[in-house]
Amino acid sequence: MCPGEKSNFSVFGIGGTSFIDFGQDREENRFSYDTPKGYRTRYGSDMGAVGASYTYFTDENTRIETKAAISGQRVTTTIDSLYENGEDKLFFHENNSEWKTSFHSKLISKIDA
């Protein structure tokens, strides 16, 4: 079954990344969320999803739709302290990720009344 007159094939995808850094200057007077002065807080995230869809028409009233996809995401947080001599000391770090795959197929048929 190749794409053509009786079928349709499509591919989709989306993705992105984000990063924010607070408190690079030890003398900064503001707080970064709930982290006190003298601490640097770095947040980052990445996400993406890609998939494919295939529809095959067996006749004008019946079709089979099949979809497959994979998606993932990652979140990182690092909080460290900044000392006068430029040295830093890790206070907190996390690096979490999650992957998900899915596969779905269904038969759709119209019944004439």
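The values are calculated or read from the model by the stated rules, or taken from the named source; none is laboratory data. Remember, it's a predicted structure, so these values are computed and weren't measured experimentally. Reconstructed Cβ throughout: ideal geometry from the backbone, glycine too, with neighbour counts over all protein chains shown.
Brief remarks follow.
- D112 surrounded by fewer than 11 Cβ atoms within 10 Å (Cβ to Cβ) and at pLDDT below 95: yes
- Taking every residue in the range 9-29 that is more than 22 Å from S53 (Cα to Cα) and pairing it with any residue that is modelled with pLDDT under 85 and part of a loop (DSSP other than H, G, I, E, B), at least 6 positions away or on another chain, the pairs with Cβ-Cβ distances below 6 Å are R26/G38.
- Of all the residues in the range 67-113, those that are acidic (D, E), assigned to a strand (DSSP E or B) and touching a residue at least 40 places away in the same chain (Cβ under 8 Å) number 2.
- For S45, the test of being part of a strand (DSSP E or B), in contact with a strand residue (DSSP E or B) (Cβ under 8 Å, 6 or more places away or on another chain), surrounded by 14 or more Cβ atoms within 10 Å (Cβ to Cβ) and at pLDDT below 95 is failed.
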